[in-house]
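Engineer: Encoded as structure tokens, here's the structure I'll be asking about.
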């Protein structure tokens with residue numbers, strides 16, 4: 001999608017020419033860039049190639065400006081400026097300056113999430129926001145030459161750099177070497193402790209404490225952190241003594257509901273914005289008074305805006321049951337409120353559904369901790385931890401929400417045309433969403449059994 005948005009940015013510069021040489025054809029790309037820049041009839045060069053000081057770059061867009069000057073245009077699929085973009089652009093500016101290119105302005109082109117798609121085609125100049133970052137780049141350029149020698153030493157090294165794993169391993173992007181660099185750490189390594197402050201982590205490190213289970217009883221932790229430490233140290237799950245009271249509002253009988261939504265960077269439907277959540281699938285497990293389990297579901301066809309059908313089918317399905325509706329985050333509540341705003345004629349039934357929601361996640365965060373769930377409260381961690389026979393491991397095609405959203409986006413955007421591929425993805429989407437609501441059913445059952453035991 002990032003590449004697609006990069007291509008759409010070319011539409012802002014009609015008549016521009018693209019450098020199509022591959023990365024290993026860099027010399028040819030540099031030569032063709034130079035030739036196009038000397039041709040006054042070319043208003044912009046896309047993927048322009050340059051080299052200076054043994055640094056090779058490709059600039060998303062070089063825009064021709066008056067008096068022989070040029071504009072550096074960096075295109076990003078994000079919705080805002082991020083700090084590390086400035087480092088990226090500054091390196092490009094350094095090479096361009098060294099190569100003798102007169103750069104008069106520097107802009108970041110990013111997605112404008114305030115843009116609303118109207119009737120017909122997207123208006124690309126309104127879809128993109130153009131942000132002048134010249135001052136920020138100039139500030140970053142001031143110390144860039146002094147940083148280059150250390151960067152080169154690192155790149156030229158034959159051995160891994162000595163670097164303690166830490167916060168920098170996840171920002172601005174997750175490091176692909178995380179598993180390798182932390183392989184020798186204990187399974188309950190202190191940095192895995194949820195919401196542990198950097199000050200506390202450094203204090204434990206100074207005392208040579210690497211494992212959560214080794215944290216002394218007199219070391220100050222939050223109540224939840226102390227529960228986690230004690231459960232890991234003893235191997236015994238924590239169950240709050242008032243769990244039965246906390247579960248009172250959850251049934252059974254009960255309904256268990258899960259939504260899937262996509263967030264297309266390029267809006268597909270009239271009246272929608274970039275990155276707006278578009279729900280396309282719901283799964284509902286209904287545990288009746290007699291213990292029978294029913295499973296209504298909905299998956300949009302992908303041939304148009306799915307929201308109206310999503311809302312209407314959900315209203316119809318839930319009108320048959322008056323039990324509480326168990327969810328596992330505020331996500332469903334947020335989507336229902338958005339749907340109620342979009343479809344005023346459905347506001348009352350959607351608001352009624354919202355009023356029936358009961359969220360199981362706060363109970364998992366406060367009243368339960370199983371050591372084998374690791375340090376995540378996600379249903380994908382909690383489900384198998386509380387229910388050993390329950391698993392997501394057999395889901396080959398779609399096993400998480402991000403993959404589900406990406407799969408439906410492929411269907412909705414018409415990228416898939418083979419009927420067998422479409423059928424395979426639709427089947428995988430149904431299985432995945434059904435598994436999430438079934439996980440809530442099984443987790444709730446275990447919690448009720450635990451509550452009865454703790455009450456004895």
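Engineer: So, R0 is 22 Å and r is the distance between the beta-carbons of residue 167 and residue 209; what FRET efficiency does that work out to, to 0.05? Before the final figure, lay out each step's value.
Structural biologist: Values: r = 19 Å, r/R0 = 0.85.
For R0 = 22 Å, the calculated efficiency reads 0.75.
Engineer: Then there's this: To the nearest 10 degrees, how steep is helix 347-356 against the longest Cα principal axis of the chain, on a 0 to 90 scale?
Structural biologist: In the chain, helix 347-356 runs at an angle near 60 degrees to the longest axis.
Engineer: Quick one: Cα convex hull volume of the chain, Å³ per residue?
Structural biologist: On the way: hull volume 91.0 nm³, N = 456.
For the chain, the hull spanned by Cα atoms encloses 200 Å³ per residue.
Engineer: First obtain the Kirkwood hydrodynamic radius of the range 160-302 from its Cα pairs, then insert it into the Stokes-Einstein equation at 4 °C and 1.567 mPa s, and state the resulting D in µm² per second as a whole number.
Structural biologist: Details: Rh = 20.3 Å.
D, rounded to a whole number, is 64 µm²/s.
Engineer: Which value in nm describes the separation of the simple spin-label points at residue 452 and residue 422, placed 7 Å from the Cα toward the beta carbon?
Structural biologist: 4.8
Engineer: What is the calculated FRET efficiency for residue 52 to residue 219, with r their C-beta to C-beta distance and R₀ = 56 Å, to the nearest 0.05? Working shown, then result.
Structural biologist: Working: r = 53 Å, r/R0 = 0.95.
Efficiency, rounded to the nearest 0.05: 0.60.
Engineer: Moving on. Shape of the range 183-235 from its Cα gyration tensor (a ≥ b ≥ c, root eigenvalues): rounded if a/c is under 1.5, otherwise prolate when a/b > b/c, or oblate? Can you show the working numbers first?
Structural biologist: On the way: a/c = 1.45, a/b = 1.06, b/c = 1.37.
It comes out rounded by the Cα gyration axes.
Engineer: Which distance in Å, rounded to a whole number, links the C-alpha centroids of the range 12-56 and the range 205-272?
Structural biologist: Taking the Cα centre of each part, the range 12-56 and the range 205-272 sit 51 Å apart.
Engineer: What's the ranking of 404-416, 159-171, 202-214 by average number of surrounding C-beta atoms within 10 Å, highest first? Write out the running numbers ahead of the final one.
Structural biologist: Details: 404-416: 17.8, 159-171: 10.1, 202-214: 14.9.
Going from most to least packed, we get 404-416, 202-214, 159-171.
Engineer: Between residue 178 and residue 41, what is the label-point separation in nm under the 7 Å Cα-to-beta-carbon projection?
Structural biologist: Result: 5.2 nm between the two label points.
Engineer: Would you mind checking the tilt of helix 223-234 against the longest principal axis of the Cα atoms of the chain, expressed as 0 to 90 degrees and rounded to 10?
Structural biologist: Relative to the chain, helix 223-234 is tipped by roughly 70 degrees.
Engineer: I've got another one for you. Which residues in the range 106-123 place their backbone N less than 16 Å from a point set 7 Å from the Cα of residue 135 along the Cα-to-Cβ direction?
Structural biologist: Answer for this model: 106-108.
Engineer: Give, in nm to one decimal, the length gained when the segment between residue 347 and residue 88 is fully stretched (0.36 nm per residue of separation minus the Cα-Cα distance). Working shown, then result.
Structural biologist: Details: separation 259, 0.36 × 259 = 93.24 nm, distance 4.63 nm.
Using 0.36 nm per residue and subtracting the Cα-Cα distance, I get 88.6 nm.
Engineer: Okay, next question. Please work out how much length the chain gains when fully extended from residue 202 to residue 236, using 0.36 nm per residue of separation minus the C-alpha to C-alpha distance, in nm with one decimal. Write out the running numbers ahead of the final one.
Structural biologist: On the way: separation 34, 0.36 × 34 = 12.24 nm, distance 2.76 nm.
In short, 9.5 nm is gained.
Engineer: Compute the long axis of helix 83-98 from its Cα atoms, compare it with the longest principal axis of the Cα atoms of the chain, and write down the angle in degrees, 0 to 90, nearest 10.
Structural biologist: Here the helix axis deviates by roughly 10 degrees.
None of the figures in this text is laboratory data; all of them are computed from the coordinates on show. Values in this document were obtained by computation on a predicted structure and should not be read as measured data. Glycine gets a Cβ as well: all are built from the backbone with ideal geometry, and neighbour counts include every protein chain shown.
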